[in-house]
Amino acid sequence: MVIVFSIIGNDTPSVNIDLIKEKGTEKTAEITDLDTQYNITINNVNPTIIHYTYEDNGKTIQSKYRVLEKRKIEDLEIGSAITIKEYEGDSIIMGLKPYDFGIWWILLLPIPFLFIGLPLLIYSILQVRKEVNLYKYGTLSNGKIISMMPKSGLPITNIGQGVIIHYEYEVNGTKMIGESITTDFSIISNKKKDDMVPIFVATKQPNKTCIVPKIEALKNNWNVQFD
């Protein structure tokens, strides 16, 4: 969005209006073109770029000025004389307020999404990191399925979609309950309550577990037995 609006904003030169008003010299310029931007509408008005030329130290200078004042320019035409103020190569048209596409406010639009999405992103990264550590250093064990429940994802994209699985497992004779999310929906049709599934259990924190991902296990030859 910033790139697009920056391109639009570059249609006319950026000038210091206050400085030109204070130190500029009044001159007469001639309109060479009136370019109405019909693809842009602000409050039902199309911006117009006024192209004009003027003489400065024997040189013909070309410049342009965008305005959003339909009534004030309706009598202008190509060849009309207008009064400008010029200072160090920059100029403005007297009596007309320039219209500029402010793009910096656009940068504020993603901020609410940032505050909403950042915690979710951090949580996802921590979850992925936990599972990767389990893949690398976890102890292979088996869990008995207690329940399976489909988990819906985000609208349209279905990001986060999966199956939540609760299972029972033992560590040194102690029964524990674990929970894991898998994106392998085939487990719903291939498994049922009380069936066993391979899981990884953290060695130092046995309460941390995850289902062994079948596709990754087969791809990477983890030698995990799947019933």
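Summary of computed values
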| read-out | value |
| --- | --- |
| Förster radius 41 Å - calculated FRET efficiency between Asp100 and Ile125 (Cβ-Cβ, nearest 0.05) | 0.55 |
| Where labels lie 7 Å past Cα in the beta-carbon direction, separation of Asn44 and Ser14 in nm | 3.3 nm |
| Against the rule of thumb 2.2 N^0.38 Å, how large the Cα Rg of the stretch 103-227 comes out | 1.27 |
| For the chain, Kirkwood radius (reciprocal of mean inverse C-alpha pair distance, Å) | 23.9 Å |
| Area accessible to solvent at Glu55, 1.4 Å probe radius, in Å² | 110 Å² |
| FRET E, pair Met196, Thr157, Förster distance 41 Å, beta-carbon r, rounded to 0.05 | 0.80 |
| Pairwise FRET efficiency - Val132 versus Val171, Cβ, R0 = 30 Å, nearest 0.05 | 0.90 |
| Largest to smallest accessible area among Arg129, Arg71 [probe 1.4 Å] | Arg71, Arg129 |
| Two-decimal Rg to Rh for the stretch 162-220 - Kirkwood Rh, Cα set | 0.96 |
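The values are calculated or read from the model by the stated rules, or taken from the named source; none is laboratory data. In this text, all values refer to a predicted model and were calculated from it rather than measured experimentally. When we count neighbours, we look across all protein chains shown, and the Cβ atoms used for this are built from the backbone with ideal geometry, even at glycine. When the accessible area is computed, the model is the full protein with side chains, heavy atoms only, and any ligands, DNA or RNA have been set aside. Shrake-Rupley method; radii C 1.70, N 1.55, O 1.52, S 1.80 Å.
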